[in-house]
Amino acid sequence: NGAFAFETMVVPVNTTVVLNIEASDVAHQWWIPTLGAAVDAIPGYTNHSWFKIARAGMYHGQCALLCGRGHANMVAHVCAVPVAQYQTWVDTQKAAITQSNKDVTDERALEAKDGGDASQPPSAAQLQLQLAEPVGPSYVPPECNETTAP
């Protein structure tokens, strides 16, 4: 749907969510115990799964396959919200992504105008972009800040 997030997946309740699971480095397993069986994520292969959540809330899981040094930190969260809240989240994410892309394009044009190379991304120091509120791919709705699953 054009919106994405890191670490916390936001989904609408009472809706079948289809997953296309991939890995880019080593084998992993996507596993949220209350949502079903673990699903392998294998480099070069796309696995498919689905789930449907009836009750709003936060659901927690972890990579279930010992995959390397950072394995213990590979946690996963699924936040189920009412459909209207989900649509608001999608709209917010898409707007933030669009704005971020515009900001980068504008900065590259400004850099090129000042004698820089427009084909190279600007450094963080050059961008100096500050957001007043936490929005963008890492933003999750306030309803998702619960620590327990239903």
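Beta bridges from DSSP with both residues in segment 1-107: antiparallel share about 70 percent, rounded to the nearest 5. Derived scalar couplings between HN and Hα for segment 77-84 equal 9, 10, 10, 9, 10, x, 3, 4 Hz in order, rounded to whole Hz, by the Karplus curve 6.51 cos²θ - 1.76 cosθ + 1.60 (θ = phi - 60°), x for Gly and Pro. Remark: accessible surface ordering of TYR86, TYR45 (largest first) is TYR45, TYR86, probe radius 1.4 Å. Taken per residue, the accessible surface of segment 1-64 reaches 57 Å², heavy atoms only and a 1.4 Å probe. As a size descriptor, the averaged projected area of the C-alpha convex hull of segment 1-117 was calculated at 9.4 nm².
The largest accessible area among HIS60, HIS71 belongs to the first residue in HIS60, HIS71, and the rest follow in falling order (1.4 Å probe, all chains).
The values are calculated or read from the model by the stated rules, or taken from the named source; none is laboratory data. Predicted model, so just to flag it, every value in this text is computed and none were measured. The area values use the complete protein model at the heavy-atom level, side chains included, leaving out ligands, DNA and RNA. Shrake-Rupley method; radii C 1.70, N 1.55, O 1.52, S 1.80 Å.
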